[in-house]
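For reference, the structure is listed below as structure tokens.
The values are calculated or read from the model by the stated rules, or taken from the named source; none is laboratory data. These numbers come from a predicted model, not from an experiment. As a convention, Cβ positions derive from the backbone with ideal geometry for all residues, glycine included, and neighbour counts pool all protein chains shown.
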Amino acid sequence: MSLLNISELKKSFLSPGGEAHAVVDVPSFSLGEKEQVALSGESGSGKTTFLNLIAGIIRADSGSIRIGETELTSLKESKRDRVRASEIGYIFQTFNLLQGFTCLENVLLGMSFGAKADRDVAKKLLERVGLSDRMSHFPRQLSTGQQQRVAVARALASRPRLVLADEPTGNLDHQNARDALALIRETCDETGAALLLVSHDRAVLEAFEVCRDLKEINIARREEAAV
């Protein structure tokens, strides 16, 4: 059963000269419940825009994004925010942790946009990602790999049905990248969340049973490459 269904999705941005520049033009894409799929995408391929459209962070020019029974593209921004808080976990390449808050507070703040912030659940997630002794630490007091673990815990705190990961290993060394990828996949398995991960790292992509080329599903980028 499909969790995410996309059809005729289009997004353009204006160039400095005022011309519309097509970034995303995806006729069809779907992701099943609990499925884990990797998308390969080089820098400038539109991968972050694609994930931001799915997350409802930005609004599509046209087309359909359906998560379960919810049609996202027809919703106002406030309602898209609510859907994102309850249905979607997002792991950013730059982690996007709030520097003035502890690890535990970062996870609790992520949960507060959903149904409720549960301190016990937040603690258990931080324990699960190996940070039981770092809950009161601030991001600046953590290694890069540890910050990524906080970001994973925050993304999964509200038990989302869908987890989006944008180059989640891009700022990590080889060993930390491998550990982070395993952690993301394992925790998604444990919580029953589907995972859509974008990367240009061949080692990351080869770890997935299902890997799609973003350029192949994105007409805008395919046509640009042919020019």
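Can you pull out the residues in segment 84-138 that are assigned to a loop (DSSP other than H, G, I, E, B) and in contact with a strand residue (DSSP E or B) (Cβ under 7 Å, 6 or more places away or on another chain)? Before you say what the answer is, go through the steps one by one.
Step one: list which residues in segment 84-138 are assigned to a loop (DSSP other than H, G, I, E, B), which gives 92-102, 113-118, 129-138.
Scanning segment 84-138 gives PHE92, GLN93.
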Number of positions in segment 139-152 that are in a helix (DSSP H, G or I) and over 21 Å from the mean Cα position of the chain (by Cα):
2
So LEU196, is it part of a strand (DSSP E or B) and either surrounded by 17 or more Cβ atoms within 10 Å (Cβ to Cβ) or in contact with a Leu (Cβ under 9 Å, 6 or more places away or on another chain) (or both):
yes
Only one residue in GLU71, GLU42, GLU8 is of a type outside the set (Lys, Arg) and on the phi > 0 side of the Ramachandran plot, so which one is that?
GLU8
Under the condition of being surrounded by fewer than 18 Cβ atoms within 10 Å (Cβ to Cβ) and either closer than 19 Å to ARG185 by Cβ or free of Cβ contacts under 8 Å to residues at least 24 places away in the same chain (or both), which residue from segment 129-138 is farthest from the chain's Cα centre (by Cα)?
ASP133
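Residue-by-condition table, conditions (1) within 26 Å of LYS116 (Cα to Cα); (2) without any contact (Cβ under 8 Å) to a residue 12 or more places away in the chain:
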| residue | (1), (2) |
| --- | --- |
| GLN141 | no, yes |
| GLY145 | no, no |
| VAL152 | yes, no |
| ARG185 | yes, no |
For residues that are hydrophobic (A, V, I, L, M, F, W, C) and part of a loop (DSSP other than H, G, I, E, B), scanning just segment 153-176, find the one that is modelled with the lowest pLDDT.
LEU172
Long-range neighbours under 8 Å by Cβ, at least six apart or interchain, first residue touching a residue at least 60 places away in the same chain (Cβ under 8 Å) within segment 50-62, second polar (S, T, N, Q)
PHE50/ASN218
Failed item, numbered, when PHE50 is tested on (1) surrounded by fewer than 19 Cβ atoms within 10 Å (Cβ to Cβ); (2) modelled with pLDDT of 90 or more; (3) within 23 Å of GLU216 (Cα to Cα):
(1)
